[in-house]
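Engineer: I have a structure here, written as structure tokens, and I will follow up with some questions on it.
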Amino acid sequence: MFFIEINGHDYKYEVSELIKMFTNEFKFVEQSSDDFLNIEDFKEGDILLENILEVSETNIISTIYIKKNIKNEQTNKKINSDELICVDEIVEVADIVESVPMKKQCKEDIKRSFYKALNKLCNSYVPWGILTGIRPVKVLHGLITDGCSDERIREILRKQYLISDEKIDLALEVAKRECKFIYPLNKDKISLYISIPFCPTRCLYCSFPSNSLEKYGHMKKLYLEKLTQEIKGVAKIIEETDKTIETLYIGGGTPTSLDACELEYLINTLYNELDISNILEFTVEAGRPDTITLEKLQTLKKLGVTRISINPQTMNNETLKKIGREHTVSDIVDKFHMAREVGFDNINMDIILGLIDEDIEMVRNTLEQIKLLSPESLTVHTMAIKRASELNRNMQDYKSKLKKDEEIIQMIDLSMKYADEMGLKPYYMYRQKHMVGNLENIGYSKEGYECIYNIQVMEEKQSNFALGAGSISKFVYLDENRIERVPNVKNLEQYIDRVDEMIQRKQEEVNKNA
């Protein structure tokens, strides 16, 4: 257990997020008296990290004292300070870039000093340095916009953020590939997201809005009626603000949980209420093979859908059962070929590395079979323990079945090798909290098949209007470098009852910034 004392600042959140990349076993303590080290919780081998922030006219200094063996078993009182390590992170004020606020600089210095201290004490793989956010490539876009050379970008990422050379190479490759889809920035273009929060079953790792068809399938018709109401309300907002829809993405849940008639009703409603005649990309997630039929695929193709996802997550039947999927590997292959026969020439597939009980050879089998199918894009996720998932709620049953960092790193390396062999290059990337191995999710694609929606949503240079239960709209104000999030309620019944409020929330955000 790590006990953390902070002096001279109250950046507990930032410190917590950094420490979580190394360990979840820590607690903040305060020095309220001379004998505060006699805390009952202290045990032999526990470690106290004392962080002191000092800010003067010339320097910012974040110092961490590392003290081991807090509780001496013989006296039960005093700290054994024989092993005391001091880590200083000193920044001269003269070196601080004017565009970086002092508060931000202080936070980064604190995180650097904790990173260096924890590197001495923990056997953890933390290749993204002090970056704890989910969008590491956003940092690079800021540097590119400032006119930094590749050499200067590498220097900043290495020295300021402590990122490994391997991840710097990856982030730089992704950022450069994204540039042609992001720039020049245009505040009048938006992306549109539609949430269909139904699934055949809920997967073990899932935290997305997902209502099983068995329990909630009877509510699909009413949900579509209320979603239509929101579409009409948002269409007025888009028209009033003179926005142009660049990309459209129908996700979930599993959109193909709707039957062919329901899909046709939804998409025709979008065409009738919105101007989507000139969009660059129209994606529908057909993620679960057990929801795909020939009639649904023909309907999607007829109505102008240009990109679909068929997401196996794994190509091992035993794992599919364990994660709650009610289909087989052969179903995945059959539905993929069916989509090809219907005429879809832009198909994405998702996989997850680190699923319970899967080893490197099982991952190799998944990649081999996907290689035979040759999709236009492949999204490789690393297992993340999401708060609302069944996996997290029952972690005591699954903890021993999850892979260790070393195995996940091997899996990531293997997926990169196979992606390259398939002619797929990384085009977008993001991270999630509580990811196994402190790694990342990478979207690979063939040249010309990049998902523009994914890029824009991830780099947050374009507003995203999101409709349906559990969706979150993001209003991007480029001139102010500001983003406002406007969520819809997650609960299906609440969304149905409060759809007028969901429209009003977006209208109020627009009015507030008119």
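Bear in mind that the values in this text are calculations on the coordinates, not laboratory data. Since this is a predicted model, take the numbers as computed values, not measurements. We place every Cβ from the backbone using ideal geometry, glycine too, and count neighbours over all the protein chains shown.
Engineer: I'd like the antiparallel share, as a percent to the nearest 5, of DSSP beta bridges with both residues in the chain.
Structural biologist: Once the DSSP bridges in the chain are tallied, antiparallel ones form about 45 percent.
Engineer: Using the structure shown, select from LYS425/LYS461; LYS425/LYS446; LYS301/LYS371 the pairs with a Cα to Cα distance greater than 18 angstrom.
Structural biologist: Too far apart for the 18 Å limit: LYS425/LYS461; LYS301/LYS371.
Engineer: Show me the three semi-axes of the equivalent ellipsoid for the chain, from the C-alpha gyration tensor (sqrt of 5 times each eigenvalue), largest first, rounded to whole Å.
Structural biologist: So the equivalent ellipsoid measures 43, 27, 23 Å along its semi-axes.
Engineer: Over 15 Å apart: what share of the alpha carbon pairs of segment 127-182 falls there, rounded to a whole percent?
Structural biologist: Counting pairs separated by more than 15 Å, the tail of P(r) holds 39 percent.
Engineer: Please name which of ILE496, LEU192, SER445 has its Cα lying farthest along the dipole of the chain towards the positive end, using unit charges on Cβ (Lys, Arg +1; Asp, Glu -1) and the Cα centre as origin.
Structural biologist: ILE496
Engineer: From the phi angles alone, apply the Karplus equation (6.51, -1.76, 1.60; θ = phi - 60°) to segment 219-230 and give each ³J(HN,Hα) in whole Hz, x where the residue is Gly or Pro.
Structural biologist: Once rounded to whole Hz, the list reads 9, 4, 4, 5, 4, 5, 5, 6, 5, 4, 4, 5.
Engineer: Based on the mean of other Cβ atoms within 10 Å per residue, sort peptides 479-490, 368-379, 50-61 so the most packed one is first.
Structural biologist: Final packing ranking: 368-379, 50-61, 479-490.
Engineer: Would you tally the net charge around ASP334, using a Cβ to Cβ cut-off of less than 13 Å, leaving ASP334 out, and scoring K and R as +1, D and E as -1?
Structural biologist: -1
Engineer: Could I ask something else about it? Under 5 Å between amide H atoms, partner at least 5 residues away or on a different chain: which partners does HIS9 have, H built in plane at 1.01 Å?
Structural biologist: LEU53
Engineer: Counting only other residues whose beta carbon sits under 12 Å from that of LYS371, what net charge do I get with K and R as +1, D and E as -1?
Structural biologist: Here the count lands on -1.
Engineer: Counting helices only, and only those DSSP H runs with n ≥ 4, report the 222 nm mean residue ellipticity of the chain as the sum of -39,500 (n - 2.57) divided by its residues, in deg cm²/dmol to the nearest 500.
Structural biologist: Value at 222 nm, helices only, nearest 500: -12000 deg cm²/dmol.
Engineer: What is the set of long-range amide H partners of ILE196 at a cut-off below 5 Å, with H atoms built 1.01 Å from backbone N?
Structural biologist: Residues meeting the criterion, in which the H sits 1.01 Å from N, are GLY251, GLY252.
Engineer: Can you give the local net charge around ARG154? Use residues other than it whose beta-carbon is closer than 15 angstrom to its beta-carbon, Lys and Arg +1, Asp and Glu -1.
Structural biologist: Here the count lands on -3.
Engineer: Which ³J(HN,Hα) values in Hz, rounded to whole numbers, follow from the phi angles of segment 264-277 under the Karplus curve 6.51 cos²θ - 1.76 cosθ + 1.60, where θ = phi - 60° and Gly and Pro get x?
Structural biologist: Residue by residue, segment 264-277 yields 5, 4, 4, 5, 5, 4, 5, 5, 6, 9, 10, 8, 10, 6 Hz.
Engineer: Another one. Nearest 20 debye, what's the magnitude of the dipole of the chain about its Cα centre given +1 on Lys and Arg Cβ and -1 on Asp and Glu Cβ?
Structural biologist: In debye, rounded to 20, the chain gives about 760.
Engineer: Same structure, new question: Which one of THR382, LEU227, ALA419 has its Cα pushed farthest toward the positive end of the charge dipole of the chain, where Lys and Arg give +1 and Asp and Glu give -1 at the Cβ?
Structural biologist: The listed residue farthest towards the positive side: LEU227.
Engineer: Helix 405-421 versus the longest principal axis of the chain: what is the Cα-based angle in degrees, 0 to 90, to the nearest 10?
Structural biologist: With both axes taken from Cα atoms, the answer is about 40 degrees.
Engineer: Can you give me the relative contact order of segment 425-514 as a percent, contacts being Cα pairs under 8 Å and 6 or more apart?
Structural biologist: 16
Engineer: So what are the ³J(HN,Hα) numbers for segment 150-165, from phi and the Karplus equation (6.51, -1.76, 1.60; θ = phi - 60°), rounded to whole Hz, Gly and Pro as x?
Structural biologist: These are the phi-based 3J(HN,Hα) values: 4, 4, 5, 4, 4, 5, 5, 5, 6, 8, 7, 10, 6, 7, 6, 4 Hz.
Engineer: Search the structure for amide H atoms under 5 Å from the amide H of VAL489, placed 1.01 Å from N in the peptide plane, and list their residues when 5 or more places away or on another chain.
Structural biologist: GLY470
Engineer: Where the centroid of each part is defined by its Cα atoms, how far is segment 151-186 from segment 422-478 in Å?
Structural biologist: 15
Engineer: For a quick size check, give me the Cα extents of segment 99-208 along its three principal axes, largest first, whole Å.
Structural biologist: So the three principal-axis extents are 47, 40, 29 Å.
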